[in-house]
Amino acid sequence: MSDIQIEIFPCLSDNYGMLIHDPQSGRTACIDTPDGAEIARQCEQRGWRLTEIWNTHWHPDHTGGNAALAKQYDLTIYGPAYIEGRIPGLQKGLTEGDTFQFGQHDVHIFHTPGHTDEHIIYHVPEANAAFVGDTIFVMGCGKLFEGTPEQMHQSLSKIMALPDETKLYCAHEYTLSNAKFAIHVDPENERLKEAIDAAKAKREAGLPTVPTTVAAERATNPFVTAGNAIELGRRRALKDSF
Ligand code: ZN
Ligand code: FE
């Protein structure tokens, strides 16, 4: 295992800010920029200098702090290259199959359209972690603002193909609200019932339910257990008016 450190903290109303730090190289990345001031504060507090931003998609609650942080730090902005001009200040455009180095560690990029057309996720195998933005949530998935159920099904399949124990860092705390829908469509799922109880206990203790794991979502997430694009689309439409 590596000595990579990952920190997660609430931002805005229900976003998570995230930092990944490699002590060997001294590099620190934030995943998305929901709140530039809070991200800077979290870095200062730990004595970490922000060296890069890893954006997942263009939505303002994911890129809103890019400009301020780029002004404050000498950093590099990584993000999806699929649609020009979408990511403020983008310097390193990334597409499916790209790999870059974070210190000595590999970072692998997957294109996961569905929520938005250009959405990408970052997999860091040595940290056992994937930063999944608004593609998958605990017991949920991103709304299909730009993509189709087919695309989201494929995107979730890419995430489910990662090793079982991979930690999935979702960008929002939507779990308890997702849980109501999940148990509605899958009322007999014992693993889901256990996961809901565990999530409730975490939230009551003021703790995040993120990260989840590939194995947990495979067993409980209604958009994964849907099994195919048609059923996913049906469930997504149902949830949008739930
Ligand atoms: Zn979004
Ligand atoms: Fe978001």
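Read-outs: derived from the displayed coordinates by stated rules, not from any lab. Predicted, not measured: the structure shown is a model, and the values here were computed from it. Backbone-built Cβ (ideal geometry, glycine too); neighbour counts: all protein chains shown.
Worth pointing out:
- Estimated [θ] at 222 nm from DSSP helical runs (n ≥ 4, -39500 (n - 2.57)) normalised by residues in the chain, nearest 500: -10000 deg cm²/dmol
- With Cα atoms, 0 to 90° folded angle of helix 190-204 axis to the chain main axis: 50 degrees
- Relative exposure of Ile83, Ile4, judged by other C-beta atoms within 10 Å (fewest first): Ile83, Ile4
- Near Ala216, once Lys and Arg are set to +1 and Asp and Glu to -1 for all other residues with Cβ below 11 Å from its Cβ, the sum equals -1.
- Near Glu52, once Lys and Arg are set to +1 and Asp and Glu to -1 for all other residues with Cβ below 9 Å from its Cβ, the sum equals +2.
- Simple Cβ-charge dipole of the chain, Lys/Arg +1 and Asp/Glu -1, about Cα centre, in debye nearest 20: 340 debye
- Principal-axis analysis of the Cα atoms of the chain puts helix 229-240 at an angle of about 90° to the longest axis.
- C-alpha center-to-center spacing [segment 120-164, segment 31-59] in angstrom: 21 Å
- Mean Cα-pair separation over length for the chain, i.e. relative contact order, pairs under 8 Å, 6 or more apart, %: 14 percent
- Remark: the Cα gyration tensor places segment 5-240 in the prolate category, a/c being 1.5 or greater and a/b exceeding b/c.
- Between 0 and 90°, nearest 10: helix 149-160 axis offset from the chain longest Cα axis: 70 degrees
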